[in-house]
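Undergrad: If you scroll down you'll find the structure; I have some questions about it.
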Amino acid sequence: MQNPRLATRYAKSLLDLSVERNSLENTLRDMQAINKVCHESREFELMLRSPIVSSDKKMSVIFLVLERFAIGDITRAFINLLVTKGRELNLPEIAEAFVAQYNTLKNIRTVRLTTAVPMNDAIKNSIVTKIAGLMPGDTVNLNTQVDESLIGGFVVEVEDKLFDASVKKSLNDFKAKLVDYSYVSKM
């Protein structure tokens with residue numbers, strides 16, 4: 001992240017304006033679209049950061065790329081402001097900060113679940129129910145991913161908390177204990 005304070009300020013301003021204009025959900029959809037484009041297209045992000053491309057050209061490219069998402073007037077005006085102020089290179093960070101602030105506003109917690117093999121929907125729903133029980137009043141947004149190196153078990157991440165119940169971690173812990181106890185036998 002290049003400038004998290006700047007991204008947070010711009011995202012907060014956009015969030016407040018969206019709430020004021022009763023367009024929060026539309027602006028969220030727009031920011032998610034921008035986030036998606038930035039993650040999927042390295043060329044788009046490089047264009048935003050390029051000092052060679054003029055601001056007029058950047059603005060026309062941004063709107064051309066985002067045309068398929070039918071972005072709203074608030075987002076259009078916001079992007080126009082960013083480009084005018086020379087802050088378009090911060091657009092990906094601002095989009096991420098906006099989504100994070102929206103989630104905080106709506107009490108949505110993102111939970112990342114990593115397993116060694118893909119899970120079926122019944123297991124996912126069971127895990128979401130258990131995690132939601134630990135966070136009353138919050139909505140749980142579950143992101144799953146597969147990491148075969150875990151061997152078995154799972155890893156759950158909620159914000160800055162990590163619960164690692166993987167076989168890989170158990171084996172590493174066991175290995176560390178064996179190494180520690182090898183010195184005891186030599187005494």
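The values are calculated or read from the model by the stated rules, or taken from the named source; none is laboratory data. Predicted model only: the values in this text are computed from it and were never measured. Glycine also receives a Cβ, built like all others from the backbone with ideal geometry; neighbour counts cover every protein chain displayed. Heads up: the accessible areas ignore ligands, DNA and RNA and are worked out on the full protein's heavy atoms, side chains in. Shrake-Rupley method; radii C 1.70, N 1.55, O 1.52, S 1.80 Å.
Undergrad: For the stretch 107-133: of the residues being part of a loop (DSSP other than H, G, I, E, B) and open to solvent by less than 90 Å² (accessible area, probe 1.4 Å), which is farthest from LYS161 (Cα to Cα)?
TA: ASN120
Undergrad: Another question, then. For the stretch 49-56, indicate whether the set of residues that are open to solvent by less than 50 Å² (accessible area, probe 1.4 Å) and either among the charged types (D, E, K, R) or closer than 30 Å to LEU142 by Cβ (or both) is non-empty.
TA: Checking the stretch 49-56: not a single residue is open to solvent by less than 50 Å² (accessible area, probe 1.4 Å) and either among the charged types (D, E, K, R) or closer than 30 Å to LEU142 by Cβ (or both).
Undergrad: Further question: Among residues belonging to the stretch 75-109 that are farther than 21 Å from SER50 by Cα and in contact with an Asp or Glu (Cβ under 8 Å, 6 or more places away or on another chain), point out the one that is modelled with the highest pLDDT.
TA: THR75
Undergrad: Pull up the stretch 61-71, narrow it to residues that are open to solvent by less than 60 Å² (accessible area, probe 1.4 Å) and part of a helix (DSSP H, G or I), then point me to the one that is farthest from ASP30 (Cα to Cα).
TA: Checked the stretch 61-71; the qualifying residue farthest from ASP30 (Cα to Cα) is VAL61.
Undergrad: Please specify each residue of the stretch 134-162 satisfying the condition of being among the polar types (S, T, N, Q) and either open to solvent by less than 40 Å² (accessible area, probe 1.4 Å) or not in a strand (DSSP E or B) (or both).
TA: Hit for the stretch 134-162 is SER149, nothing else.
Matching residues to (1) buried (at least 18 other Cβ atoms within 10 Å of the Cβ); (2) closer than 16 Å to GLU93 by Cβ:
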position	(1), (2)
ARG9	no, yes
GLU20	no, no
GLU25	no, no
ARG42	no, yes
MET47	yes, yes
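Undergrad: Follow-up. Among helices (runs of 4 or more DSSP H) lying entirely in the stretch 1-52, which contain 1 or more residues that are in contact with a Ser or Thr (Cβ under 7 Å, 6 or more places away or on another chain) and within 20 Å of GLY86 (Cβ to Cβ)?
TA: So the answer is 4-20.
Undergrad: Scan the stretch 103-143 for residues that are in contact (Cβ under 8 Å) with a residue 24 or more places away in the chain and of a type in the set (D, E, K, R) and jot them down.
TA: LYS106, ARG109, ARG112, ASP138
Undergrad: Identify, please: which residue in the stretch 74-102 is without any contact (Cβ under 8 Å) to a residue 40 or more places away in the chain and assigned to a helix (DSSP H, G or I) and is, among those, most open to solvent (accessible area, probe 1.4 Å)?
TA: So the residue we want is LYS85.
Undergrad: Kindly indicate whether ASP56 is part of a helix (DSSP H, G or I) and modelled with pLDDT under 95.
TA: yes
Undergrad: May I pose another question? When you check LYS177 against the structure, is it assigned to a helix (DSSP H, G or I) and open to solvent by 90 Å² or more (accessible area, probe 1.4 Å), yes or no?
TA: Here the answer is yes, as LYS177 does meet what is asked.
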